[in-house]
1. Do we have any residue at all in the stretch 116-135 that's surrounded by 14 or more Cβ atoms within 10 Å (Cβ to Cβ) and touching a Cys at 6+ places or on another chain (Cβ under 9 Å)?
2. Being assigned to a loop (DSSP other than H, G, I, E, B) and polar (S, T, N, Q) is the filter; apply it to the stretch 35-80 and report the residue that is nearest to ALA96 (Cα to Cα).
3. State all residues of the stretch 112-154 that are in contact with a Ser or Thr (Cβ under 7 Å, 6 or more places away or on another chain) and within 16 Å of the ligand (Cβ to nearest atom); if no residue qualifies, say none.
4. For the stretch 40-52, give me each residue that is open to solvent by less than 10 Å² (accessible area, probe 1.4 Å) and either over 13 Å from the mean Cα position of the chain (by Cα) or aromatic (Phe, Trp, Tyr) (or both).
5. Residues of the stretch 8-46 being away from the ligand (no atom under 12 Å from the Cβ), touching a residue at least 60 places away in the same chain (Cβ under 8 Å) and β-branched (Val, Ile, Thr), which ones?
6. Restricting to the stretch 142-195, and then to whatever is outside any strand (DSSP E or B) and among the hydroxyl-bearing types (Ser, Thr, Tyr), can you tell me which residue is modelled with the lowest pLDDT?
7. Filter the stretch 148-187 for residues that are farther than 19 Å from GLY43 by Cα, surrounded by fewer than 17 Cβ atoms within 10 Å (Cβ to Cβ), out of contact with any helix residue (DSSP H, G or I) (no Cβ under 6 Å at 6 or more places or on another chain) and not aliphatic (A, V, I, L, M) and give the result.
8. Can you tell me which residue is nearest to HIS204 (Cα to Cα) among those in the stretch 53-81 that are away from the ligand (no atom under 15 Å from the Cβ) and open to solvent by 10 Å² or more (accessible area, probe 1.4 Å)?
Amino acid sequence: MDLRHPIFARVWPRLRVRIDAEGFAERRRALLTGLSGRIIEVGAGDGANFAHYPPEVTGVLAVEPEPRLRGLARTAAQDAPVPVEVVAGVAEDLPADDAAFDAAVACHVLCSLRDEARAVSEMYRVVRPEGRLRFLGHVRSARPVVRRVERLADATIWPRLAAGCRLGRATLDSLEQAGFTLRCEDLVWFEFPEARFPTPGGQHVAGELRRP
Ligand SMILES: C[S@@+](CC[C@H](N)C(=O)[O-])C[C@H]1O[C@@H](n2cnc3c(N)ncnc32)[C@H](O)[C@@H]1O
């Protein structure tokens, strides 16, 4: 299934190169460290994570619904250090069998999903028992003033500018509701970009959850 966002698909790869150069590439590498076996990456974009998969990964199924980004991801897959297959599909209906993967990766994608709860249950379905979900993204700010701005942006122009992205999501709650187990020590909280004051969309969290 295709989800077309032609403007976003042209802007994101350039923006992505900039944020990676500003330190985000290191966050990607840390997100994927320690993974092994079969991985499903949801919403792979232009394939920015592919270069960071460790050699213990035996294969990646990368699902990307936006056709232009999918084409760029296929190009990136050719230089990846591990085998990567890029396919069309959406997180809410993953093209994969039950328990087929050792881990799922969702990087900068949960904020954009039309149906976050359904997508998270899909990731739960395709990861084997005792498998992992590695995720990274911005979540709603803990600061009331910033949160108010995020709510306003979500209700007005932001989702249209950023291909459905919402700044005010409580993503960790959805992940736990799907059945994943979360341990606080497996989470890293950070502001990105680093700024003197917290900014809307700046509160990020990265980490690992387990399927029991
Ligand atoms: C901000 S980009 C991040 C891309 C990539 N994960 C990265 O870290 O560079 C968000 C991505 O999520 C994808 N996306 C949006 N809705 C989706 C959905 N329902 N299912 C899967 N991917 C989706 C977009 O097409 C886009 O590639």
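1. yes
2. Taking the stretch 35-80 first, the residues assigned to a loop (DSSP other than H, G, I, E, B) are 35-36, 43-49, 53-56, 64-66, 79-80.
Checking which are polar (S, T, N, Q) leaves us with 36, 49.
Details: SER36: 18, ASN49: 20 Å.
Among residues in the stretch 35-80 that are assigned to a loop (DSSP other than H, G, I, E, B) and polar (S, T, N, Q), the one nearest to ALA96 (Cα to Cα) is SER36.
3. Those that are in contact with a Ser or Thr (Cβ under 7 Å, 6 or more places away or on another chain) and within 16 Å of the ligand (Cβ to nearest atom): GLU116, ALA117, VAL120, GLY137, VAL139.
4. PHE50
5. ILE39
6. Quick first cut of the stretch 142-195, residues outside any strand (DSSP E or B) only: 142-180, 192-195.
Pick out the ones that are also among the hydroxyl-bearing types (Ser, Thr, Tyr) and you get 156, 171, 174.
Details: THR156: 93, THR171: 84, SER174: 87.
This residue is THR171.
7. Across the stretch 148-187, the qualifying residues are ARG148, ARG151, THR156, ASP173, GLU176, GLN177, THR181, ARG183, CYS184, GLU185, ASP186.
8. To start, the set of residues in the stretch 53-81 that are away from the ligand (no atom under 15 Å from the Cβ) comprises 54-59, 78-79, 81.
Checking the rest, the ones that are also open to solvent by 10 Å² or more (accessible area, probe 1.4 Å) come to 54-56, 58, 78-79, 81.
On the way: PRO54: 23, PRO55: 27, GLU56: 27, THR58: 29, GLN78: 30, ASP79: 28, PRO81: 27 Å.
Ranking the candidates gives PRO54 first.
The values are calculated or read from the model by the stated rules, or taken from the named source; none is laboratory data. Predicted model only: the values in this text are computed from it and were never measured. Note that we place each Cβ from the backbone using ideal geometry, even for glycine, and neighbour counts take in every protein chain shown. Only protein heavy atoms, including side chains, enter the accessible area calculation; ligands, DNA and RNA are left aside. Shrake-Rupley method; radii C 1.70, N 1.55, O 1.52, S 1.80 Å.
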